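In what follows, a structure is listed as structure tokens, so that the remarks can point back to it.
What follows draws every value from the coordinates through simple rules; no lab data is involved. Owing to the predicted nature of the structure, the values given are computational and were not obtained by experimental measurement. A quick note on method: Cβ atoms are made from the backbone with ideal geometry, for glycine too, and the neighbour counts reach across all protein chains shown.
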Amino acid sequence: MTTAEKKVTRLEVVEPKHLDFGKKWDYAPSPESTDFVKIAPRHELFIGGKFTKPKSGSYFKTINPATEETLTEIADANDADVDAAVKAARQAYEKYWSKLPGSERAKYIFRIARQLQEKAREFAIVETLNGGKPIKEARDIDIPLAVAHFFYYAGWADKLDFAFPGRKTRPLGVAGQIIPWNFPLLMAAWKIAPALACGNTVVLKPAETTPLTALLLAQVIQEADLPPGVVNIITGFGKTGAALVKHPDINKVAFTGSTEVGKMIQRSIAGSKKRLTLELGGKAANIIFNDAPIDQAIEGIINGIYFNQGHVCCAGSRLFVQEGVADIVIRKLQDRIQTLRVGNPLDKNTDIGAINSKQQLQKIQELVQTGVDEGCKMHQTACELPKKGFWFAPTFFTGVAQSNRIAQEEIFGPVLSVLTFRTPEEAVEKANNTAYGLSAGVWTDKGSKIFKISSQLKAGVIWGNTYNKFDPASPFGGYKESGFGREGGLQGLMPYVELV
Ligand code: ADP
């Protein structure tokens, strides 16, 4: 067979034969109106409380990945811009923020939370337009959780003495924060809220493909009247991030993104006194035992991997099924993925939106191709994909071996690898056989089994009979190549304070 013949095509889709999905009913279109959202043609950097033109003089385009249309131009910060942002943050730290009592800092953070809540609809639409995620997720998950994070950490600002009884806390200074494109506003909230609550100032860099909600947040911060320079938001590519990490006047780096860049950052600050937290990739295992509530588990698996197009570090991308229920789980999965609606992210009925970028789509396609080449059996929905934009149909593989690339590497797309096991010991061993350790899910009727298995899994977050549940009071973070440090909860304060 030639390489061209071997390429994955929609014709190779393996469809379940026992149901006729051709007759699936359609919902009437229900798109969210974008009329009241006005996106300015150009966006500047937010430094020292003002929107300022970049010293670099250059801009790049940001697009809607569902249509490939340009939304606006974004400033591309160079080293001099990064330096100006860090200087503004340092000044704000020395002059105002480190001197304010926690109760005053809390008022500002509460104000941000309230204004964000008021503008939730606008934020949800912009998140969907710029990132490609379904509006129902931006509206029901991303934005409310970001708001909740600001409220939660506002509450801690004047209670740090109670967080660490018998110890005093001291802020670290200026935090350089770099975030990815999968949850743009939520990741900004995860980083900014605890840093401010603890008395630090920040320079945040959103991902190059999704800068818009961070820049909207900058407007909210301006309206909340935060002292100038307490939060600075600079846009750009990896080069801008690298300049921020290397800047000699930052005290802390917080990074969420790929393991590859995380390792580069770790190397680049080695030997400096900068504190570091890394939230990197994952290859989470969902483990279904014979005694699991199967239908509930199927919904959890679907939510865990197809939710947000699989653009989730904690996506449940490996499924381990005990042999006694493997056939029924696979059949139910085949049925259920056929009912997922892929398409216009602004439509309220859409389950799966657009892949965030062309580059990410190519990465998913390449890895899926390796699954086919290595002899795994591909199951994919027969849904029609829009002609423009970046799309990938929900997919899962059976006949997967531990050594297959799709079982080892992070795909960051709506692609699941299904493997089987016989005993709990085998499940644990297989689940832990990965370089990552961010999250996992355990599905069984027995609570004691959940506790026992959870204690043996090397993952930072483990869900029992559920998946992808988040709460600002609950810490999140990984082991091994998934990084270190925790975000959320009381533990999320630790990376931003020195205990004295
Ligand atoms: P992903 O694979 O999720 O896109 P990346 O790690 O490439 O993740 O990107 C996450 C964030 O890190 C983005 O904001 C990106 O611009 C930034 N980034 C990329 N390269 C570097 C680097 N060398 N130093 C600092 N930040 C970087």
Exercise. Could you give the angle, 0 to 90 degrees to the nearest 10, between helix 294-306's Cα long axis and the longest principal axis of the Cα atoms of the chain?
Worked result: 50 degrees
Seminar exercise, completed: Between PHE162 and SER58, the FRET efficiency computed from the C-beta separation at R0 = 35 Å comes out, to the nearest 0.05, as 0.15
Exercise. Do any chymotrypsin sites (Phe, Trp or Tyr not before Pro) in region 235-336 lie in a DSSP loop with no more than 16 other beta carbon atoms within 10 Å, and if so, which?
Worked result: PHE237
Problem set entry | Cα shape, region 337-380, gyration tensor, a/c 1.5 rule | oblate
For this session: Pull up all non-local amide H partners of ARG275: gap of 5 or more, or a different chain, and H-to-H distance under 5 Å with H placed in the peptide plane.
Result: LYS252, VAL253
Problem set entry | Estimated D of region 285-471 in µm² per second, where Rh is the Kirkwood radius over Cα pairs and Stokes-Einstein applies at 37 °C, 0.692 mPa s | 199 µm²/s
For this session: Please go through region 156-259 and write out the trypsin sites (Lys or Arg not before Pro) that DSSP classes as loop and that have at most 11 other C-beta atoms within 10 Å.
Result: LYS168
For this session: Return the sequence-ordered ³J(HN,Hα) values of region 468-478 in whole Hz as given by the Karplus equation 6.51 cos²θ - 1.76 cosθ + 1.60 applied to θ = phi - 60°, using x for Gly and Pro.
Result: 6, 9, 10, 8, x, 7, 10, x, 9, x, x
For this session: Once every Cα of the chain carries one equal point scatterer and solvent is ignored, give the base-10 log of I(q)/I(0) from the Debye formula at q = 0.05, 0.07, 0.14 Å⁻¹, two decimals.
Result: -0.19, -0.37, -1.40
Problem set entry | Net +/- balance of residues flanking ALA154 in space, Cβ distance below 10 Å, scoring K and R +1, D and E -1 | +3
Seminar exercise, completed: Note on region 91-134: alpha-carbon gyration tensor, axes a ≥ b ≥ c; rule is a/c under 1.5 for rounded, else prolate if a/b larger than b/c, else oblate; result prolate
Exercise. For region 285-471, what is the charge dipole size about the Cα centre, in debye to the nearest 20, if Lys and Arg each add +1 at the Cβ and Asp and Glu each add -1 at the Cβ?
Worked result: 300 debye
For this session: Work out the charge dipole of the chain with +1 on the Cβ of Lys and Arg and -1 on the Cβ of Asp and Glu about the Cα centre, then indicate which of LEU172, GLY353, VAL329 is farthest towards its positive end.
Result: LEU172
Problem set entry | Which of LYS387, LYS107 has the fewest Cβ neighbours within 10 Å, and the rest in rising order | LYS387, LYS107
Exercise. Whose amide H sits under 5 Å from the amide H of THR420, counting only residues 5 or more places off or on another chain, with H placed in the peptide plane?
Worked result: VAL321
For this session: May I ask you to sort MET187, MET378 by Cβ crowding, counting other Cβ atoms within 10 Å and putting the fewest first?
Result: MET378, MET187
Exercise. Counting each DSSP H run of 4 or more residues in the chain as -39500 (n - 2.57), what helix-only mean residue ellipticity at 222 nm follows after dividing by all residues, to the nearest 500 deg cm²/dmol?
Worked result: -11000 deg cm²/dmol
Exercise. Taking the alpha-carbon centroid of each part, what is the distance from region 451-483 to region 53-75 in angstrom?
Worked result: 36 Å
Problem set entry | Overall form of region 46-155 per C-alpha gyration tensor (a/c, 1.5; a/b vs b/c) | oblate
For this session: Fewest Cβ neighbours within 10 Å first, please rank ILE74, ILE288 accordingly.
Result: ILE74, ILE288
For this session: Between THR466 and LEU385, take the C-beta separation as r, use R0 = 30 Å, and let me know the FRET efficiency to the nearest 0.05.
Result: 0.50
Exercise. Got a sec to turn the phi values of region 148-161 into Karplus ³J(HN,Hα) couplings, 6.51 cos²θ - 1.76 cosθ + 1.60 with θ = phi - 60°, whole Hz, x for Gly and Pro?
Worked result: 4, 5, 5, 4, 4, 6, 4, x, 7, 3, 9, 10, 5, 5
For this session: Let me have the relative contact order for the chain, percent, based on Cα pairs under 8 Å that are six or more residues apart.
Result: 18 percent
Exercise. In degrees from 0 to 90, rounded to the nearest 10, what is the angle of the helix 184-197 Cα long axis to the longest principal axis of the chain?
Worked result: 40 degrees
Exercise. Picking from ILE406, SER417, TYR479, whose Cα lies most toward the positive end of the charge dipole for region 366-500 (charges on Cβ: Lys, Arg +1; Asp, Glu -1)?
Worked result: SER417
Seminar exercise, completed: Quick calc, GLU118 & ALA40: beta-carbon distance into FRET formula, R0 25 Å, rounding 0.05, result 0.80
For this session: With +1 on each Lys and Arg Cβ and -1 on each Asp and Glu Cβ, and nothing else charged, work out how big the dipole of the chain is about its Cα centre, in Debye to the nearest 20.
Result: 1220 debye
